[in-house]
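Before any comments, here is the structure.
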Amino acid sequence: MEKVRQYESSKIEICRNCGGSGMVHPQVEGNWLLRRMQDADRLVACDVCGGTGRVRKHTEITVTVRSFQ
Ligand SMILES: [Zn+2]
């Protein structure tokens, strides 16, 4: 005998990758000075949220309970 419970939730949250702005500084290889200069005026759309600043988070949890033996 076992019991199975399922929980499901879907919610919209602010994207953590870009902090909700939808834009991020691109990753630039090279020395720190060059990186800082390029970061100042270059922004690209966030990969995680696609530039919207919001993400949809879907969670599914399955809990199975069975006897100890
Ligand atoms: Zn984002």
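Odds and ends about this structure:
- Some residue of the stretch 32-40 being within 16 Å of the ligand (Cβ to nearest atom) and either surrounded by 14 or more Cβ atoms within 10 Å (Cβ to Cβ) or at pLDDT 95 or above (or both): no
- Selection of first residues in the stretch 2-22 that are over 18 Å from His58 (Cβ atoms) and of second residues that are surrounded by 10 or more Cβ atoms within 10 Å (Cβ to Cβ) and polar (S, T, N, Q), restricted to Cβ pairs under 7 Å at least 6 apart or on distinct chains, gives the following pairs, ordered by first then second residue: Gly22/Thr52.
The values are calculated or read from the model by the stated rules, or taken from the named source; none is laboratory data. Remember, it's a predicted structure, so these values are computed and weren't measured experimentally. Backbone-built Cβ (ideal geometry, glycine too); neighbour counts: all protein chains shown.
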